[in-house]
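No lab work stands behind these numbers, since they all come straight from the coordinates. Computed from a predicted structure; not experimentally measured. With ideal geometry, Cβ positions are generated from the backbone for all residues, glycine too; neighbour counts draw on all protein chains shown.
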Amino acid sequence: MGKHRILSPVRLLLLTLPLLCTAHAVAAQGLPAEPFVFGDGRVVVSGDVSMTISCAHAPDAAVCTKDTGFFNFSDYDDSTLRMLRAGLSASVRLGGKLTALGDLRLQNAHRPRPYGFYLRFRPFERRNFDIQGGRIPSTFGSFARRAYNADNPLIGYPLAYQYLTSLRDDALPRTVDDLFRMRGRGWLSSFPLGDQTPEAGMPLANAFRWDTGIQAHGAAGIVEAAASVTAGSLAHPIFHDNNGGKQLAARVSITPAAGLVAGVSASRAPYVTSGSAAAAGAAANDFVQTAFGADVEYSRAHYLLRFETLSVSYDLATIEPRLRALATMVEGRYKVTPRIHVAARLDHLGFNTISSPTRTDAWEAPVTRWEAGGGYALQRNVNLRLSMQHNTRDGGRVRRMTALSAQLLYWF
Amino acid sequence: MRTPIAVLTALLAAMTGFTPATATVASAARNGAIAGRVELRRPPSAAGRRPGVSDLGTPAMQPTAERQMSVVYLESAPRGAFEQTESDRAVMDQRNETFVPHVLAVTTGTTVDFPNSDRIYHNVFSLSKTRPFDLGRYPVGRSKSVRFDRPGIVRVFCDIHSHMSAFILVFGHPFFSVTDAAGRYRINNVPPGNYTLVAWNEGVTSESRQVSVPDGSTAEVDFSLK
């Protein structure tokens, strides 16, 4: 067969069959549809489970295989298109003004991880103002805070929040050529300074972990604002501080009309460990990630449109000029019937051009992704989704990849 | 030999799922009533809102849902019920991220209006086999409606706010009553006869009782739902 063989329908059916059987069993079992409530509403526990399988095809590769181009890998070395994910969220009201919130997640065979755990303090009863401290939700942008199960109309993640660039927090390039060598290899990147073990790089903004710190949030009329000080960076949220620096992040959004939300965000933080900065003969503060974001969401009747863009720059003490990245995403969802929705997303991640003595190129391989698919609601809280995703990359070993994915999603 | 009217009635009853009661209605008989109280032995739990762990701040407070509301109805309706074809209108409002009322009982042919009286968007939908619908997102001050032509239970949700839910019970006859805050109910204008009376509550299994409605009087039936 030629290079562009289509996915074998039989093979795909065999992969999808277990999912359909599980979907039928889940729908028939009458599993909980609402959160568990204890102590007269003081304790509320909810959860979600998603099972995703996929069949990817890249030129010169087997017809139905895994994502050999690592386009969909996250920082936990998992493909978002082949994943069993379970999460438990809980809120415990500790008094009139204080609430403890936690979110525990399990991904594939990894141990459960506390995604978020923090206290929410509401000092004024009649004012919409909160202070949150602990491992808190992201202040920046809009995607990272969305509930994946309900708010992601497709299966894959936007590139800005998932795609791994070659940059790492614990290893640094000495020269521009070191960067060029790692173009399109963010899933297993290595640099000569700092930790030389090949490891996964960082996305522009991490949607798989939350940062640790304190956040203030307020809303008045059509305006909502939040600001935070945390230990990590947008690209690398952490639990323990590893460089003595702090991330300052802020977001302002307005709702000028029903169904329309527009927001702008900013973030600035040292993003490398003290150890790797020292290996480069510099301080962590010489390696700063600065990000600006804008997002718009509009919905009406049966459709929903979203646009989000991130402009990110990295200061590297070892390399001139400043590295820049621009991610732009637009997605839409349309509900065809009460049970069926269709959706599509177009996503691009681009990088600025830099030069070494021998080469001029973008410092990372630009990636373009489109994903289109839909979902069928077996029950209100049991959804079966199918999507097709196509990726192209101007660099790396695998430059094109198409994947067909199926996902079963249950939440309560 | 059965008359054509009797055959038609039996056919209609089979289609709607309601069979005529064992007692036939004597034309001279005066209608009675059924009244009583529904007690929930285990109070329904507070409405659960999924923890807003990923929210930037505290979500708006949601009033306690009216989950104590039960519906009492005749399982087997008298023949006269099938002659009532008058269409009606009812309202299920959306306020403070809550459907009001939480339980609505209507007859077939009723059109239910779903006004948005909140400060935010809502998207009312149902996946029930009785009447699936999706009204889409619409802003404050607007209303959309759905006509219910088949008897059954319709679970109503908001696509944006997962904690919003309600029930619409659609009956092929008018012999039903929604309990008040104290659990009291009253079904008026019931022809004398023997019936099966059912009490339904969303959080518990429904319970049925046999009841005999005397000529021009009120039969008292209390329920204690587990």
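Here are a few things to note about the model shown:
- Count of residues meeting criterion [facing another protein chain (nearest Cβ under 9 Å) and either part of a loop (DSSP other than H, G, I, E, B) or not hydrophobic (A, V, I, L, M, F, W, C) (or both)] in the stretch B:129-140: 7
- Test: residue in the stretch B:194-204 that is of a type in the set (G, A, S), without any contact (Cβ under 8 Å) to a residue 60 or more places away in the chain and surrounded by fewer than 18 Cβ atoms within 10 Å (Cβ to Cβ): no
- Within the stretch A:51-80, tally of residues that are buried (at least 19 other Cβ atoms within 10 Å of the Cβ), of a type in the set (F, W, Y) and assigned to a loop (DSSP other than H, G, I, E, B): 2
- Residue satisfying all of: in the stretch A:262-289; hydroxyl-bearing (S, T, Y) and under 20 Å from A:S228 (Cα atoms); farthest from the other protein chains (Cβ to nearest Cβ) among these: A:Y271
- Inclusion of B:P151 among residues that are over 27 Å from A:N383 (Cβ atoms), surrounded by fewer than 22 Cβ atoms within 10 Å (Cβ to Cβ), touching a residue at least 24 places away in the same chain (Cβ under 8 Å) and under 11 Å from the mean Cα position of the chain (by Cα) is warranted.
- Only one of the numbered conditions (1) farther than 23 Å from A:S313 by Cα; (2) outside any strand (DSSP E or B); (3) more than 22 Å from the chain's Cα centre (by Cα) is not met by A:G281, and that is (1).
- Residue match in the stretch B:70-80 (condition: acidic (D, E), part of a loop (DSSP other than H, G, I, E, B) and within 13 Å of another protein chain (Cβ to nearest Cβ)): no
- Taking the criterion of being more than 11 Å from chain B (Cβ to nearest Cβ), among the basic types (K, R) and in a loop (DSSP other than H, G, I, E, B), the residues of the stretch A:81-119 that qualify are A:R82, A:R111.
- Residue ranges of helices (runs of 4 or more DSSP H) in the stretch A:120-235 with at least 1 members in contact with a Pro (Cβ under 7 Å, 6 or more places away or on another chain): A:159-162, A:176-181
So that you can scan it fast, the table gives a plain yes or no per residue for (1) without any contact (Cβ under 8 Å) to a residue 24 or more places away in the chain; (2) crowded, with 16+ Cβ neighbours inside 10 Å; (3) charged (D, E, K, R):
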site: A:T139; (1), (2), (3): no, yes, no
site: A:I155; (1), (2), (3): no, yes, no
site: A:Y163; (1), (2), (3): no, yes, no
site: A:P173; (1), (2), (3): no, yes, no
site: A:R181; (1), (2), (3): yes, no, yes
site: A:R185; (1), (2), (3): no, yes, yes
site: A:P198; (1), (2), (3): yes, no, no
site: A:G218; (1), (2), (3): no, yes, no
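- Residue in the stretch A:250-268 that is of a type in the set (A, V, I, L, M) and crowded, with 22+ Cβ neighbours inside 10 Å present: no
- Considering the stretch A:290-338, the residues that are within 14 Å of chain B (Cβ to nearest Cβ) and of a type in the set (S, T, N, Q) include one that is surrounded by the fewest Cβ atoms within 10 Å (Cβ to Cβ), namely A:T337.
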